[in-house]
1. Only Cα pairs under 8 Å and at least 6 apart count here; give the relative contact order of the stretch 273-375 as a rounded whole percent.
2. Find out how many positive minus negative residues lie around R72, taking Lys and Arg as positive, Asp and Glu as negative, among other residues whose Cβ is under 15 Å from that of R72.
3. Sort largest first and round to whole Å: the equivalent ellipsoid semi-axes of the chain, each the square root of five times a Cα gyration tensor eigenvalue.
4. Going out from 0 in 5 Å bins, what whole percent of all Cα-Cα distances in the stretch 217-375 drops into each bin?
5. Could you pull out the pairs from K233/K256; K181/K358; K209/K233; K178/K363; K76/K181; K49/K223 whose alpha carbons sit more than 18 Å apart here?
6. Suppose a student asked you for the relative contact order of the stretch 1-95, using Cα pairs under 8 Å spaced at least 6 residues apart; what percent would you report?
7. I'd like to check one number: the per residue accessible area of the stretch 270-375, probe 1.4 Å, reported in Å² as a whole number.
8. Counting only protein heavy atoms and using a 1.4 Å probe, what share of the accessible area of the chain belongs to carbon plus sulfur, as a whole percent?
Amino acid sequence: MMMKNSDNIRIAIVHDFLVDFGGAERVLEVLTEMFPEAPIYTLLYDKEKMRGRFSKKFVYASFLQRFPRFLRRRKKWLLPLMAVAPEIFDLRDFDLVISSSGAWSKGIVTRVNTTHISYIHSPMRFVWDASSEYLSQQRKSGTMNLFTRLILNYIRVWDKVAADRPDFLVANSKYTQKRIKKYYGRESALIYPPVDVELKNENHSNQEKNHFLVVSRLSPYKKIDMVVEAFNKLGLPLVVIGEGQQEKYLRSIAAKNVQILGYQTDERIAEYYAGARAFVFAGVDDFGLSPVEAMAHGVPILAIRRGGALEIVEEGKTGEFFDAATPEVIADGVRRLLENEKNYDKQAIAESAKRFNKARFIKEFEEYVNKIIIK
């Protein structure tokens, strides 16, 4: 990346976790391409789960990395220490720090003359708008108690204080901007994340469209279980790709028409995109890179009418919406999508995805940084 008046500028990147590969990590990949000499600071780093990604970068993990492996893979057990970890990173040598934050990394402490730009994937869900749902899950698992509530209250206070530390905030969607304003009381710039809209493999572009598709982290808030239950009843073929805490559970409830494939390479995912009849997006997310990747293959989207999906999908043209993540409502959305299936223009859907291309992100983020640097 070329930055004005920055020949000697020292840059670091801070990211919450490198333990799963999802949308936030795809954004991080592009940031490391833009700033190839910048080291990465992160709370936890699992080389095995990263499957070689970031292996050529200098990655510094927090003191949490020294805990036993079984603890590192159960992050909620380390929750009381999460707020401390980013605060003790030694970032004194850097002039510019870019945090890629869905929770913790925005809470770094920098010296007065260091510029801190935080790219916010989401305000911390489980202590703000999803706190009731999180507590309900803990209650069902038998782990919810007074201590859990006290910890959540502590983290909520910490999160508000931490959000005041960056000099500049950048949101990944208008929906995220609104949440930043509501929970943190701060304004933010808008730069949509980079999506590889050139993923389309022409070798598979004419294959028969058969299955419905989900590509996602398998986390409770993504509502993949509701999609699986809907397709169990519909009997239509559904393919679910991704890793996460619900993988074992989803396999246990999936009917014969539903395949839970777990991790797949980008090349294999591209094949499943190309063969998809439609992509299903049931969780309320701040943006959603996977639906845009699906659209790049000309695949229509069936999404919940909330969150970042409203900025991605154009109803009746690039997909359809449903109003609640329940099996019955999702099934009705599938019915409406199939009724309109012949009216979707594959090329128009693919063109719509190009609004979020990687080159656009690099240009906008570079211009944003330059504007700050030359002030």
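The values are calculated or read from the model by the stated rules, or taken from the named source; none is laboratory data. This is a predicted model, so every value here is computed, not measured. Reconstructed Cβ throughout: ideal geometry from the backbone, glycine too, with neighbour counts over all protein chains shown. Heavy atoms of the whole protein, side chains included, go into the accessibility calculation; ligands, DNA and RNA do not. Shrake-Rupley method; radii C 1.70, N 1.55, O 1.52, S 1.80 Å.
1. On the way: 147 pairs, mean separation 26.2, N = 103.
In percent, rounded to a whole number, it is 25.
2. Working: positive: K47, K49, R66, R69, R73, R74, K75, K76; negative: D16, D20, D46, E48.
Neighbour charge sum, excluding R72 itself: +4.
3. Numbers: eigenvalues 229, 127, 71 Å².
Listed largest to smallest, the semi-axes of the chain are 34, 25, 19 Å.
4. The distribution over the stretch 217-375 is 2, 9, 17, 20, 21, 14, 7, 4, 3, 2, 1, 0, given as percents.
5. Numbers: K233/K256 11 Å; K181/K358 26 Å; K209/K233 20 Å; K178/K363 24 Å; K76/K181 27 Å; K49/K223 23 Å.
Those over the limit are K181/K358; K209/K233; K178/K363; K76/K181; K49/K223.
6. Values: 106 pairs, mean separation 28.8, N = 95.
That works out to 30 percent.
7. Details: 4070 Å² over 106 residues.
About 38 Å² of surface per residue is accessible.
8. On the way: 8830 of 17250 Å².
Here carbon and sulfur together make up 51 percent of the probe-accessible area.
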